[in-house]
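The values are calculated or read from the model by the stated rules, or taken from the named source; none is laboratory data. Predicted, not measured: the structure shown is a model, and the values here were computed from it. Quick reminder, even Gly has a Cβ in these numbers, built from the backbone with ideal geometry, and neighbours come from all protein chains shown.
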Amino acid sequence: MADLPGSVLFSCSQNSVRSPMAEGLMKHFYGSEVYVDSAGVHAKEVDGFTVAVMDEIGIDITGHKEKTFDDLEDSSFDVVISLSPEAQHKAVEMTRTMACEVIFWHTFDPSVVEGGRETRLDAYRQVRDTLLARIREQFPLAKAAQV
């Protein structure tokens, strides 16, 4: 069983879809043991489809406050997980002088999917489920087995 880091930052381009999902999942499993935050290269209000698909699995992220890397109260993290190429570049720049593990999980942006509500929700669900699987793989504790 892997040891948990003390702090994890998830980052993406706008902190409105992918990183809030990952933050919500990580907090759900490990929020009492790990400091978890998220940021974007740019900030945009959390996407309604993101809130909906997280609510489907019992995770409420309606209180998420979007922020950029510059808005972070603490920029010292044990692990930074970037979910977009733009965020990866920013994370590498931010952690250049830090003892920090930077991981890149290239994650599809479901907000670019066009179509009806169900088509769009399915794209968001796929991203949610992909992030859930990656979190379980990266931090494989028994607690993360249940959703």
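Residues that are in a loop (DSSP other than H, G, I, E, B) and among the small types (Gly, Ala, Ser) within the range 75-86 comprise Ser75, Ser76, Ser84, listed in sequence order.
Among the residues of the range 117-138, some residue qualifies, meaning at least one is modelled with pLDDT under 95 and either more than 14 Å from the chain's Cα centre (by Cα) or on the phi > 0 side of the Ramachandran plot (or both). Can you tell which of Phe49, Phe10, Phe29 is of a type outside the set (Asp, Glu) and not in a helix (DSSP H, G or I)? Answer to the selection: Phe10.
Residues in the range 50-65 that are within 15 Å of the chain's Cα centre (by Cα) and closer than 19 Å to Val112 by Cα: Thr50, Val51, Val53, Met54. A Cβ distance below 9 Å, combined with a sequence gap of six or more or placement on separate chains, defines the contacts here; from the range 49-71, residues that are free of Cβ contacts under 8 Å to residues at least 40 places away in the same chain and surrounded by 16 or more Cβ atoms within 10 Å (Cβ to Cβ) reach residues that are assigned to a loop (DSSP other than H, G, I, E, B) and of a type in the set (A, V, I, L, M, F, W, C) in the pairs Val51/Ile61; Ile59/Val147.
Residues in the range 87-119 that are part of a helix (DSSP H, G or I) and either under 23 Å from Pro5 (Cβ atoms) or in contact with a strand residue (DSSP E or B) (Cβ under 6 Å, 6 or more places away or on another chain) (or both): Ala87, Gln88, His89, Lys90, Ala91, Val92, Glu93, Met94.
Can you pull out every residue in the range 75-88 that is farther than 18 Å from Ser16 by Cα and free of Cβ contacts under 8 Å to residues at least 24 places away in the same chain? Steps first, answer last, please.
Taking the range 75-88 and keeping what is farther than 18 Å from Ser16 by Cα, we get 75-79.
Selection gives Ser75 alone.
Just so you know, in the range 20-38 the residues that are closer than 13 Å to Ser7 by Cβ and of a type in the set (Gly, Ala, Ser) include one that is surrounded by the most Cβ atoms within 10 Å (Cβ to Cβ), and it is Ser38.
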